[in-house]
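The values are calculated or read from the model by the stated rules, or taken from the named source; none is laboratory data. Fair warning: this is a prediction, and the values are worked out from it, not measured in the lab. Because the Cβ atoms are built from the backbone with ideal geometry, glycine has one as well, and the counts that use them run over all protein chains shown.
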Amino acid sequence: MLADCATWAIVGLADNPARAAHGVARFLQRHGKRIVPVHPRAETVWGEPGYRTLADIPFPVDCVDVFRRSEDAGPVADEALAIGAKAVWFQLGVLDPAAGERVRAAGVRFVMDRCPVIEWPAHGPGPRS
């Protein structure tokens, strides 16, 4: 997923440097990924315009990265399937096994309770050390 997904919709990303989503988005962007902020305030983050919902994004999304409470994550996963995302990634502490089963049953890749920044050295594109 880290190598194949070029466009990452980050649900819960707002222009707040104190939040983990802000740093993860910058990391992904610095590693060549297009980030798409998804937040009710639709704020621009790291130069990328935000959208209120996944359905509002007018172009294809490869991965939906979820920075929401576990109880809110399942509906986001369902929205990701509805827009045709190729992958769904639940961040550290975001747990919803039933949503994971739905995503996988739809033939879409799924990661739960992981952070792409932490996983990058072992699974990201490029040389491994």
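The table below lists the values:
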item: From 14, 25, 18, residue being in contact with a His (Cβ under 8 Å, 6 or more places away or on another chain) and either assigned to a helix (DSSP H, G or I) or surrounded by fewer than 22 Cβ atoms within 10 Å (Cβ to Cβ) (or both); result: 14
item: Filter result for residue 101 (at pLDDT 95 or above, assigned to a helix (DSSP H, G or I), of a type in the set (Asp, Glu) and under 25 Å from residue 123 (Cα atoms)); result: yes
item: Residue tally, condition in a loop (DSSP other than H, G, I, E, B) and more than 17 Å from residue 19 (Cβ to Cβ), over the stretch 55-81; result: 6
item: Checklist (1) part of a helix (DSSP H, G or I); (2) more than 20 Å from residue 28 (Cα to Cα); (3) among the small types (Gly, Ala, Ser) applied to residue 84, failing item; result: (1)
item: Enumeration of residues in the stretch 88-129 that are in contact (Cβ under 8 Å) with a residue 12 or more places away in the chain and among the charged types (D, E, K, R); result: 96, 102, 109, 113, 114, 119
item: Residue 37 vs. criteria assigned to a strand (DSSP E or B), in contact with a strand residue (DSSP E or B) (Cβ under 9 Å, 6 or more places away or on another chain) and under 17 Å from residue 6 (Cα atoms); result: yes
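Table: residues versus (1) in contact (Cβ under 8 Å) with a residue 24 or more places away in the chain; (2) over 24 Å from residue 118 (Cβ atoms).
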position: 1; (1), (2): yes, no
position: 6; (1), (2): yes, no
position: 9; (1), (2): yes, no
position: 12; (1), (2): yes, no
position: 18; (1), (2): no, no
position: 28; (1), (2): yes, no
position: 40; (1), (2): no, yes
position: 86; (1), (2): yes, no
